[in-house]
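Below is one structure, written out as structure tokens; the observations come after it.
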Amino acid sequence: MRFSFARIAVCLIALAPVATAGQDAAVPEPDGYRMEDYRAPTPATLKGARVLTTAEAADLWRAGGAVFIDVMPQPPRPAGLPPGTIWRDKPRRNIPGSTWLPDTGYGALAAATEDYLRNGLAQASGGDRKLLVFYCQRECWMSWNAAKRALRFGYRNVAWFPDGSDGWQEAGLPVVEGHPAPGRP
């Protein structure tokens with residue numbers, strides 16, 4: 001029995017570095033937008049943008065020093081519901097004061113959705129004067145894509161908050177029920 005236990009222990013010790021190596025590997029920053037599998041590990045960086053921890057995001061929020069942009073998608077009303085069926089959107093809890101621009105973090109956007117993002121950012125930021133903080137959920141590429149798109153639009157004061165509403169709530173910070181910004185296509 002001891003011999004078998006010793007063999008198992010040696011095997012586990014030998015395999016431990018292999019099992020954790022993939023978890024520690026950095027996710028590379030792609031040249032373009034993420035086009036699929038949006039709920040997956042994200043890079044630690046976004047070229048041209050500042051990356052925020054939850055503590056840094058909370059400090060900016062408390063100081064009123066930034067505009068928070070939530071890009072979490074909003075599920076559409078299912079097609080083919082019988083007439084008279086009551087449909088209730090799933091509530092989105094976001095950072096107080098956020099501008100929610102749903103569905104604007106996909107890799108490819110329809111022209112109307114891209115216009116909605118452009119107009120929403122212009123209205124929320126007052127141009128390029130305020131820091132724009134993009135977020136969604138932890139391990140969600142949509143906020144990364146939206147922040148990258150804002151940089152492409154010419155915004156230079158851009159931050160990405162990768163822990164998003166998950167990290168915010170885990171830190172015990174307040175959330176409120178969000179509502180999409182007007183003008184959604």
Notebook entry, point to check: Counting only residues that are charged (D, E, K, R) and out of contact with any strand residue (DSSP E or B) (no Cβ under 7 Å at 6 or more places or on another chain), which one in region 167-185 is modelled with the highest pLDDT?
Noted result: Glu170
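Matching residues to (1) exposed (fewer than 15 other Cβ atoms within 10 Å of the Cβ); (2) in contact with a strand residue (DSSP E or B) (Cβ under 8 Å, 6 or more places away or on another chain); (3) modelled with pLDDT under 95:
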| position | (1), (2), (3) |
| --- | --- |
| Ala79 | yes, no, yes |
| Pro91 | yes, yes, yes |
| Thr104 | no, no, no |
| Gly127 | yes, no, yes |
| Tyr135 | no, yes, no |
| Met142 | no, no, no |
| Ser165 | no, yes, no |
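Would a scan of region 103-113 turn up a residue that is assigned to a loop (DSSP other than H, G, I, E, B), in contact with a Gly (Cβ under 9 Å, 6 or more places away or on another chain) and of a type in the set (A, V, I, L, M, F, W, C)? I'd like the intermediate steps shown before the answer.
Here is the first cut: in region 103-113, the residues assigned to a loop (DSSP other than H, G, I, E, B) are 103-110.
With the extra rule that they be in contact with a Gly (Cβ under 9 Å, 6 or more places away or on another chain), the set shrinks to 104, 107.
Among the residues that remain, those that are also of a type in the set (A, V, I, L, M, F, W, C) are: none.
No, region 103-113 contains no residue that is assigned to a loop (DSSP other than H, G, I, E, B), in contact with a Gly (Cβ under 9 Å, 6 or more places away or on another chain) and of a type in the set (A, V, I, L, M, F, W, C).
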Notebook entry, point to check: Mind checking which pairs have a first residue in region 165-182 that is in contact (Cβ under 8 Å) with a residue 60 or more places away in the chain and on the phi < 0 side of the Ramachandran plot and a second that is assigned to a strand (DSSP E or B) and of a type in the set (Asp, Glu), Cβ under 9 Å, 6 or more apart or different chains?
Noted result: Ser165/Asp70; Gly178/Asp70
Check: Looking at (1) of a type in the set (Asp, Glu); (2) touching a residue at least 12 places away in the same chain (Cβ under 8 Å); (3) more than 18 Å from Pro180 (Cα to Cα), which is the one condition that is false for Asp59?
Finding: (2)
Next item on the list: Please find, within region 23-52, the residue that is surrounded by the fewest Cβ atoms within 10 Å (Cβ to Cβ) out of those that are outside any loop (DSSP other than H, G, I, E, B) and either touching a residue at least 24 places away in the same chain (Cβ under 8 Å) or among the charged types (D, E, K, R) (or both).
Entry: Asp24
Next item on the list: Scan region 125-169 for residues that are under 13 Å from Ile95 (Cβ atoms) and either aromatic (Phe, Trp, Tyr) or not in a strand (DSSP E or B) (or both) and jot them down.
Entry: Phe134, Tyr135, Cys136, Ser143, Phe161, Asp163, Gly164, Ser165, Asp166, Gly167, Trp168, Gln169
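The values are calculated or read from the model by the stated rules, or taken from the named source; none is laboratory data. Keep in mind it's a predicted model, so treat the numbers as computed, not measured. FYI the Cβ positions are ideal-geometry reconstructions off the backbone, even for glycines, and counts take in every protein chain you see.
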